[in-house]
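Undergrad: Can you read through this structure? Questions will come right after.
The values are calculated or read from the model by the stated rules, or taken from the named source; none is laboratory data. Remember, it's a predicted structure, so these values are computed and weren't measured experimentally. We place every Cβ from the backbone using ideal geometry, glycine too, and count neighbours over all the protein chains shown.
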Amino acid sequence: MGSVNVSEEYMNIAVLVSGDGSNLQALMDAEEKGGLGSGKIVLVASDNHEAFALERARGKNLETFVLEGSGYRSREDYDRAMARRLHEARIELVVLAGFMRVLSGFFIDEYKDRILNIHPALLPSFKGAHGIKDAYESGVKITGVTVHFVTKELDSGPVILQTGVGIEENDTLDTLEEKIHKEEHRLYPEAVKLFTEGRLRVEGRRVRIRRRDVDGD
Ligand code: GAR
């Protein structure tokens, strides 16, 4: 992809957030322990200046960038401004962590195969903004967490990692949310690390994960 500058030592990551930022926290904590491979979070961007995620980022002395949607006529105008800032920061991987804006085709092309998203359900079930509640209310016995590449069709990109979470008799929506978030915080750093280690290969709809022992790395 021509427009992304690839640096040598680290892989520069931008995390895009809209809300609480518990996944951002998990990613920042993982990075401190070497858990993102060569990944380095260099920018946290948000469409919401009140997002608690921004405080979490500032707490770790990370650069933050707020771009509210109101000043932009179209989704693409907004995304062009966001992409400009990301290019300035030499971002190579865009990690969506509760970023609640739908990205335009422009942005997805700009960072083709370099945008990850986490979704709180087992895609392709329960797409959209209320994955946990929708699964809970549907009466399914198993839901879960999905990390996937972002493509132009919402919540439909190739799946990188998934994990199941059982919905037990005594679960409430709150206890289910807690269980889902716990799994998210484990799964997302793992997926980012796989990406930064160059171990993911997209073949059509399938993501192949190169095992460590296969090539001796
Ligand atoms: C997470 O549960 C994430 O899976 C979900 O938003 C939450 C953000 O939490 N994303 C979606 O539903 C995307 N469709 P956080 O701000 O605490 O990381």
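Undergrad: Residues that are more than 16 Å from the ligand (Cβ to nearest atom): list the helices (runs of 4 or more DSSP H) wholly contained in segment 1-117 that include at least 2 such residues.
TA: 75-88, 105-110
Undergrad: Of these, A135, A121, which one is modelled with pLDDT of 95 or more, in a loop (DSSP other than H, G, I, E, B), among the aliphatic types (A, V, I, L, M) and within 15 Å of the ligand (Cβ to nearest atom)?
TA: A121
Undergrad: Please go through segment 154-170 and pick out each residue that is outside any strand (DSSP E or B), among the hydrophobic types (A, V, I, L, M, F, W, C) and either under 17 Å from L200 (Cα atoms) or over 15 Å from the mean Cα position of the chain (by Cα) (or both).
TA: Correct list: I167 only.
Undergrad: Also: Identify all residues within segment 124-158 that are under 16 Å from A97 (Cα atoms) and not small (G, A, S); write none if there are none.
TA: Across segment 124-158, the qualifying residues are K127, H130, I132, V145, T146, V147, H148, F149, V150, T151, L154, D155.
Undergrad: Turning to a different aspect of this structure: Please verify whether K193 is over 17 Å from I13 (Cβ atoms) and either touching a helix residue (DSSP H, G or I) at 6+ places or on another chain (Cβ under 6 Å) or crowded, with 17+ Cβ neighbours inside 10 Å (or both), treating the condition exactly as stated.
TA: No, not satisfied.
Undergrad: Within segment 129-152, how many residues turn out to be in contact (Cβ under 8 Å) with a residue 12 or more places away in the chain, within 28 Å of F107 (Cα to Cα) and of a type outside the set (D, E, K, R)?
TA: 11
A quick yes/no check of all residues on (1) surrounded by fewer than 18 Cβ atoms within 10 Å (Cβ to Cβ); (2) among the acidic types (D, E); (3) touching a His at 6+ places or on another chain (Cβ under 7 Å); (4) at pLDDT 95 or above:
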residue	(1), (2), (3), (4)
G2	yes, no, no, no
V15	no, no, no, yes
E31	no, yes, no, yes
L36	no, no, no, yes
L43	no, no, no, yes
L54	no, no, no, yes
K60	yes, no, no, yes
